[in-house]
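Here the structure comes first, spelled out in structure tokens, and everything after it is commentary.
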Amino acid sequence: MKNVLNPALFTHREGTTEGFNNLCTIIHQLRDEGIYSGEIQRGKNLIGNFTLCFDKKFPTHEVHIDAAKFDPLFNKESCGQSGEQTFEVGGQGYLVLYTSGSHADLRVKLYRRDEKKVERSYDTANLSTGDMVVFRLARPGSYRVQHTTEKHGMTLAVRSAGERKYPSGLGKFPPINVKLTPRGFDPAQVEQWPFQALIIQIEIPGALRLELRDEKAASKKAKRR
């Protein structure tokens with residue numbers, strides 16, 4: 001994804017992979033080559049369909065699908081494409097799902113098609129082992145990331161400016177990597193700057209929920225430094 005400031009990042013303060021918004025990007029690796037049908041839902045409403053062709057011989061090793069582009073109103077304003085779209089991916093078959101708009105409660109389902117049947121192969125509402133979830137937060141504060149079924153949790157502090165000044169290169173810091181294992185998050189406490197990417201590698205299935213606990217906590221901590 002392009003490293004450009006998206007004003008929609010300021011719209012939301014919390015999120016969940018069960019119905020993601022623009023704070024969250026979900027990365028899924030396809031296992032089986034073939035033709036897939038995709039559905040994009042906003043709440044209970046179907047807002048778009050797409051076809052995904054996975055062949056390891058294709059030159060593109062990852063495909064980025066912006067759920068906002070399937071919203072007719074968003075397309076009208078941004079002169080985007082309408083109707084069903086077709087994507088191709090090769091190599092290791094990475095699928096990057098996100099929204100560039102202020103949309104929320106988004107869900108993507110994948111169905112693998114063959115000559116005999118069509119079966120669901122993936123659903124963003126239920127993360128698979130091997131997935132990666134990327135949170136990019138703009139607002140300073142104290143957050144908690146919670147696994148919805150195993151009750152594992154981690155704390156996340158997004159720093160505010162010290163002496164009203166942020167460091168140069170804000171938004172270009174390297175990502176912070178966290179693993180979610182059957183034992184929990186590793187590490188279980190993280191501190192980062194606004195717009196710095198937090199990448200969570202999923203080793204147990206389920207869903208993640210991001211909650212804002214205290215919008216002033218990180219600000220107070222930064223002032224004491």
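The values are calculated or read from the model by the stated rules, or taken from the named source; none is laboratory data. Because the structure is predicted, anything quoted here is derived from the model rather than measured. Here Cβ is always computed from backbone atoms with ideal geometry, including for glycine, and neighbour counts include all displayed protein chains.
Some values worked out for this structure:
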item	result
Unique match (being polar (S, T, N, Q), in a strand (DSSP E or B) and closer than 20 Å to ASN49 by Cβ) among SER100, SER121	SER121
Candidates GLU39, GLU77 - the one that is surrounded by fewer than 19 Cβ atoms within 10 Å (Cβ to Cβ) and modelled with pLDDT under 95	GLU77
Criterion (closer than 20 Å to ILE27 by Cβ, in contact with a helix residue (DSSP H, G or I) (Cβ under 7 Å, 6 or more places away or on another chain) and touching a residue at least 40 places away in the same chain (Cβ under 8 Å)) met by exactly one of ALA197, ALA207	ALA207
Lone unmet requirement of (1) crowded, with 20+ Cβ neighbours inside 10 Å; (2) at pLDDT 95 or above; (3) closer than 20 Å to ARG107 by Cβ for PHE54	(3)
Residue selected from segment 103-118 under the condition part of a loop (DSSP other than H, G, I, E, B) and out of contact with any helix residue (DSSP H, G or I) (no Cβ under 6 Å at 6 or more places or on another chain), by the criterion surrounded by the fewest Cβ atoms within 10 Å (Cβ to Cβ)	GLU115
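To keep it simple, each residue is scored yes or no on (1) buried (at least 19 other Cβ atoms within 10 Å of the Cβ); (2) over 19 Å from the mean Cα position of the chain (by Cα); (3) closer than 30 Å to LEU73 by Cβ.
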| site | (1), (2), (3) |
| --- | --- |
| GLY90 | no, yes, no |
| TYR94 | no, no, yes |
| TYR122 | yes, no, yes |
| GLY130 | no, no, no |
| HIS147 | yes, no, no |
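Residues are listed down the side, and each one gets a yes or a no for (1) under 17 Å from ARG139 (Cα atoms); (2) at pLDDT below 95; (3) surrounded by 14 or more Cβ atoms within 10 Å (Cβ to Cβ):
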site: GLY153; (1), (2), (3): no, no, yes
site: PRO167; (1), (2), (3): yes, yes, no
site: LEU180; (1), (2), (3): no, no, yes
site: GLY184; (1), (2), (3): no, no, yes
site: GLN189; (1), (2), (3): no, no, no
site: GLN192; (1), (2), (3): yes, yes, yes
site: ILE202; (1), (2), (3): no, no, yes
site: ALA207; (1), (2), (3): no, no, yes
site: LEU210; (1), (2), (3): yes, no, yes
